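Asker: The structure's right below; bear with me while I get my questions together.
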Amino acid sequence: MLDLKSPEWAHLRASPGGNGALTAELLADLYAGETNACGELYNQVCHQNTVGEVAYVAAPHIVEIALQAGQPLRARMLSTIGAIEASRRAYPRSTAPIRSEWRAEYERACADARSLAAHALQDRGEAIDTILMIAALAGLHGHADVALLLQSGAAPWCPQCGEPIAFGEVE
């Protein structure tokens, strides 16, 4: 795992532009229990379903935070990992490539997140936390449409035309 104080964070591209220095700060805040950093962390790694390269380096930290957290922080962290994976699959052209030196650790973080989310569903929590865990599992199991749909809170079909909603790049 990349140390949060490493200068390398400043050389990683974040999702909304800029570099990963803010991502490292937000992760440090989350390790320290500052749960209000969740929303901005999501924006740094997966803003508008665009995955920045910092997401791959942040993923092991996100899972580590989820392991230490209680609900609802665990659900938010796992949902973020699921959104990264779902967005990678739904929007591959706008997704940053995974460098070979990050791949194994990122894939291990996804596997750990799948296991943790499945286990966390056994706990009786708030309905929103359950939905976020299901969304995370859907994304981590390759069901990008279901994951993004659950995270958006939208209906599974268009209310005007009745067609199923599908997420992905327009050809």
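Asker: Of the conditions (1) open to solvent by 70 Å² or more (accessible area, probe 1.4 Å); (2) modelled with pLDDT of 80 or more; (3) not aliphatic (A, V, I, L, M), residue 129 fails just one. Which one is it?
Answerer: Condition not satisfied by residue 129: (1).
Asker: Specify the residue that is nearest to residue 66 (Cα to Cα); the eligible residues are those in the stretch 11-31 that are among the aliphatic types (A, V, I, L, M) and crowded, with 19+ Cβ neighbours inside 10 Å.
Answerer: Of all residues in the stretch 11-31, those among the aliphatic types (A, V, I, L, M) come to 12, 14, 21-22, 24, 26-28, 30.
With the extra rule that they be crowded, with 19+ Cβ neighbours inside 10 Å, the set shrinks to 12, 14, 22, 24, 26-27, 30.
Working: 12: 23, 14: 21, 22: 19, 24: 16, 26: 14, 27: 11, 30: 10 Å.
Per the stated criteria, the residue is 30.
To keep it simple, each residue is scored yes or no on (1) under 21 Å from residue 136 (Cα atoms); (2) touching a Lys or Arg at 6+ places or on another chain (Cβ under 8 Å); (3) at pLDDT 95 or above; (4) not charged (D, E, K, R).
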site: 9; (1), (2), (3), (4): no, no, yes, yes
site: 16; (1), (2), (3), (4): no, no, no, yes
site: 23; (1), (2), (3), (4): yes, no, yes, yes
site: 26; (1), (2), (3), (4): yes, no, yes, yes
site: 31; (1), (2), (3), (4): yes, no, yes, yes
site: 38; (1), (2), (3), (4): yes, yes, no, yes
site: 48; (1), (2), (3), (4): yes, no, no, yes
site: 51; (1), (2), (3), (4): yes, yes, yes, yes
site: 55; (1), (2), (3), (4): yes, no, yes, yes
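Asker: Do we have residue 6 as out of contact with any Asp or Glu (no Cβ under 7 Å at 6 or more places or on another chain), crowded, with 24+ Cβ neighbours inside 10 Å and among the polar types (S, T, N, Q) here?
Answerer: Taking the combined requirement at face value, the residue does not satisfy it.
Asker: Can you work out which of the residues in the stretch 32-44 that are within 23 Å of residue 103 (Cα to Cα) and open to solvent by 30 Å² or more (accessible area, probe 1.4 Å) is farthest from the chain's Cα centre (by Cα)?
Answerer: Residues of the stretch 32-44 that are within 23 Å of residue 103 (Cα to Cα), as a first pass: 41-44.
Among the residues that remain, those that are also open to solvent by 30 Å² or more (accessible area, probe 1.4 Å) are: 42-43.
Values: 42: 7, 43: 10 Å.
Going through the qualifying residues, I end up with 43.
Asker: Here's something else I'd like to know. Of the residues 99, 103, 93, 88, which is touching an Asp or Glu at 6+ places or on another chain (Cβ under 6 Å) and of a type in the set (D, E, K, R)?
Answerer: Unique residue meeting the criteria: 93.
Asker: Of the residues in the stretch 15-48, how many are closer than 13 Å to residue 59 by Cα and not in a helix (DSSP H, G or I)?
Answerer: Residues in the stretch 15-48 being closer than 13 Å to residue 59 by Cα and not in a helix (DSSP H, G or I): 1 in total.
Asker: Among the candidates 104, 55, 111, 118, single out the residue that is assigned to a helix (DSSP H, G or I) and open to solvent by less than 10 Å² (accessible area, probe 1.4 Å). I'd like the intermediate steps shown before the answer.
Answerer: Values: 104 fails: open to solvent by less than 10 Å² (accessible area, probe 1.4 Å); 111 fails: open to solvent by less than 10 Å² (accessible area, probe 1.4 Å); 118 fails: open to solvent by less than 10 Å² (accessible area, probe 1.4 Å).
Going through 104, 55, 111, 118 in turn, the sole match is 55.
Asker: Please enumerate the residues belonging to the stretch 64-91 that are charged (D, E, K, R) and not in a helix (DSSP H, G or I).
Answerer: Kept after step one, since they are charged (D, E, K, R), are these residues of the stretch 64-91: 64, 74, 76, 85, 88-89.
If the condition is that a residue be charged (D, E, K, R) and not in a helix (DSSP H, G or I), then no residue fits.
The values are calculated or read from the model by the stated rules, or taken from the named source; none is laboratory data. Keep in mind that what you see is a predicted model, and the values were worked out from it rather than measured. For neighbour counting, all protein chains shown are included, and Cβ atoms are generated from backbone atoms with ideal geometry for every residue, glycine included. Calculation scope for accessible area: heavy atoms of the full protein, side chains included, ligands and nucleic acids excluded. Shrake-Rupley method; radii C 1.70, N 1.55, O 1.52, S 1.80 Å.
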